[in-house]
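Report on the following structure.
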Amino acid sequence: MQIKLRDIAHGRSGDKGDAANIGIIANDAESFELIKKHLTAETVKSHFKGICLGDVERYELPNIRALNFILHNTLGGGGTVSLKHDAQGKTLAAALLRMNIEI
């Protein structure tokens, strides 16, 4: 069975230069176990194929039931030099929350 990530978590995103930062926070402990299992650096990179051109790093923050992802080479150089519509990465959390995961 598949569900949308947004059904079990919420998120925030931003940027630093050409890297986007996406934080995904699980709604509860059970949901955190699901996102830890299914939301890997590889699945996030695949979800942003064509957008994220660099490496993806994943950090676990178990005390707040969250995962933090850094997507390198994603923003076309950053806010001041990019021609992308969202060179600050503000909508990337919403885009990731639309991802389907298996449960």
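Taking 0.36 nm per intervening residue step and subtracting the Cα-Cα distance, what contour gain separates M1 from K49 on full extension?
Values: separation 48, 0.36 × 48 = 17.28 nm, distance 2.36 nm.
Between M1 and K49, full extension yields an extra 14.9 nm.
Report the calculated FRET efficiency for I103 and N68 (r = Cβ-Cβ distance, R0 = 35 Å), to the nearest 0.05. Using R0 = 35 Å, I get an efficiency of 0.95.
When the Gaussian network model of the chain links Cα atoms closer than 10 Å, the mean-square fluctuations of N21, N73, N63 top out at N63. Rounded to the nearest 10 degrees, the angle from helix 29-38 to the longest Cα principal axis of the chain is 60 degrees. Among the trypsin sites (Lys or Arg not before Pro) within region 7-51, those in coil by DSSP and having at most 14 neighbouring Cβ atoms inside 10 Å are K49.
None of the figures in this text is laboratory data; all of them are computed from the coordinates on show. Nothing here was measured: the structure is a model prediction, and the numbers come from that model. Virtual Cβ from ideal backbone geometry, glycine too; neighbours counted across all protein chains shown.
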